[in-house]
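Notes for the one structure printed next.
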Amino acid sequence: MSTTGTARPIIRYGTPVLHRPCRPVDTFDDDLAALIDDMFASMYAADGVGLAANQIGVDLRVFVFDCPDETDTNQVGHIVNPTLVLPDLPRELDDDSEGCLSVPGQHADLARPAYAGVVGVDRTGEPVSYDGSGMLARCFQHETDHLDGLVYVDRLPRRTRKKVLKAAGLPTEAPVR
């Protein structure tokens, strides 16, 4: 997919903006549209399947995705002020490898619900919702976590988290929120 945005550097684990909840978007204007375009450009430049605004240093509740669903068909979209929707308990879990552009080059197995959805609005403030399973469900959960101030390694057992972060050459503890 081509984009008119400008790729921005990806922020790495340990940068404070990654470790605190992002602010809701309350202005739907050309600046927001440009941010979303830049996010797509940044995600594609980094060979990612999803990107949250705080991964390029912007403290706003927005993420973009271009990620395969359970049928291996890429779903492309963006969502502003998302709310994650998970199935009722008990949930089927998908225990698969997960990585993050903010923890480059590293992956670790992490169990997440096999199905997830998000509801929110688009760049113009119109309601949108997406749902899926497989990698797409993992992407929705991963990117919503970012907007809540969590990186996937924060969900790993302490020893595994430290090993992954050390291998990436990153600090082994998140800064205090």
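The values are calculated or read from the model by the stated rules, or taken from the named source; none is laboratory data. If you're wondering where the values come from, they're calculated on a predicted model, not measured in any experiment. Cβ placement follows ideal geometry from the backbone for every residue including glycine, while neighbour counts extend to all protein chains displayed. All accessible areas refer to the heavy atoms of the entire protein, side chains included, with ligands and DNA or RNA removed. Shrake-Rupley method; radii C 1.70, N 1.55, O 1.52, S 1.80 Å.
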1.4 Å probe accessible area per residue over region 1-128, in Å²: 49 Å²
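Below 13 angstrom from the Cβ of PRO68, what's the summed charge of the other residues (Lys, Arg +1; Asp, Glu -1)? Intermediate values should be presented prior to the final figure.
Numbers: positive: ARG138; negative: ASP66, ASP69, GLU70, ASP72, ASP96.
Taking every other residue near PRO68 into account, the sum is -4.
Report, to the nearest whole %, how much of the accessible area of the chain belongs to carbon and sulfur atoms, 1.4 Å probe, protein only.
On the way: 4360 of 8700 Å².
C and S fraction of accessible area: 50 percent.
Give me the percent of DSSP beta bridges within the chain that run antiparallel, rounded to the nearest 5. Don't jump to the answer; show the numbers that get you there.
Details: 29 of 30 bridges.
Taking every DSSP beta bridge with both residues in the chain, the antiparallel ones total about 95 percent.
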Distance in nm between pseudo-label sites at ALA34 and ASP96 (7 Å out along the Cβ direction from Cα): 3.6 nm
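Give the shape of region 1-105 as rounded, prolate or oblate, defined through the alpha-carbon gyration tensor: a ≥ b ≥ c are the square roots of its eigenvalues, a/c under 1.5 means rounded, and otherwise the shape is prolate if a/b is larger than b/c and oblate if not. Before the final figure, lay out the partial values.
Values: a/c = 1.39, a/b = 1.32, b/c = 1.06.
Verdict is rounded for region 1-105.
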Working only with C-alpha atoms, what are the Rg and Dmax values of the chain, expressed in angstrom? 15.3, 44
Just how much of HIS78 is accessible, in Å², when a 1.4 Å probe is used and the result is rounded to the nearest 10? 30 Å²
At R0 = 22 Å, how high is the FRET efficiency between THR4 and ASP47 if r is their beta carbon distance? Nearest 0.05 is fine. 0.70
Highest first, please rank the peptides 153-159, 84-90, 5-11 by the mean number of other Cβ atoms sitting within 10 Å of their residues. 5-11, 153-159, 84-90
Which Cys residues of the chain have no other Cys Cβ less than 4.7 Å away and so no disulfide-compatible partner by this rule? CYS22, CYS100
